[in-house]
Structure formats: structure tokens, C-alpha cells
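The structure under discussion appears below in the form of C-alpha cells.
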Amino acid sequence: MLEYTGSSPASAQAPLSSLFQTTAILRIGTGLLLMTRYGLGAVQNAYHFFWQEKPWAWVPAFHEAGMPYAHLLAPVVALLIVAVAISWTLGFLTRLFAVIFLPVVITTLVVLQHAGSPRVEAAWLYLIITVTLLMFGSGTLSVDQLFHLGQGGGPKKRR
């Protein structure tokens, strides 16, 4: 007799329908938005800041917020945003990158709220999404699911 491992043998096995039943749609959508709205522009500006010595608005903003080494921290945050966006879009190590992104989004929220920026709502949404992905993982259509990453690596007990 074949043993079934999973949530329910009677559940639908169609991958497209399972996309809308998990956090995968939230993860993919957030990853793509994070990449297009913030990541690509930030990495391009960081490149121009380092290699062409052009001014970048993030560096004075980080300095005014009282962050140390703003000229190094701003490009690191830009690279981190791109890494998180790629990870969430693919569903690769989603919880790990949510933990890494959590301090960035909390710091952004505090700085934007102190400055009275209208982008505070976006920071709150990214915080809620980050906590959601941290709690629930990547969903069914992901690299994590494909390789069974982050699913309690202990040995399976036979009945």
C-alpha cells in the first residue's frame, strides 16, 4: 500500500489552484513590487554612487536619521532589498530573508514616521507582509517547497 505524505490526500493537486490557497501570491507579488519600486532603482543609484561618485539621496537621508556609516549602509540596504525581492519572488529561503528584512523595514518605518513622510503606509504594509511570510513561509509554489526547506528537518516516523 502506498503511503501519502502531505496535508490531505483528497485535496486538489493542481498547482495553479494551490497558488491562490497559500501565501505564494502574497510572496510573489510583494517580491516583484519590492524589486520594481525600490530595488532596481536603489541598486542603480548605489552603483553610480560608488563607481561614478554621483550624489545619492539615500546617503544624506541615512546621515540625517543618525545612522552610522551612511555612505556604506545605504548601498548595503539597497543590495539587501534586491536580495529579499529575488528570494521572495522565487520562494527561496523565504523565512530567512524575512528575518533579515525585518530590521530594515522596522528602521524604515521609524525613520519615515519621525520625518512625517507619506510613505509610512507602505512601510507598515511591508512590515505586515514580512511578519506574515515569517510566520507562514513561502507557500506551495516555491523553491522551498520543491526542496523541502524549512519544514522541520527531523526524520519521519512510520506508523
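Coordinate-derived values only; no laboratory data. If you're wondering where the values come from, they're calculated on a predicted model, not measured in any experiment. Using ideal geometry, Cβ is built from the backbone for each residue, glycine included, and neighbour counts are taken over all protein chains shown.
Loop-located chymotrypsin sites (Phe, Trp or Tyr not before Pro) in region 27-107 (DSSP state not H, G, I, E or B) with no more than 15 neighbouring Cβ atoms inside 10 Å: Y69. Over region 22-147, Cα pairs under 8 Å with separation of 6+ residues give a relative contact order of 35 percent. Over all directions, average the projected area of the Cα convex hull of region 22-147 and note it in nm². In nm², the orientation-averaged hull projection of region 22-147 is 7.6. Taking GluC sites (Glu not before Pro) across region 19-124, the ones in a DSSP loop with at most 14 further Cβ atoms lying within 10 angstrom of their Cβ are E53. Annotation: amide H-H contacts under 5 Å for T140 (H modelled 1.01 Å from N, sequence separation of 5 or more, or interchain): T23, A24.
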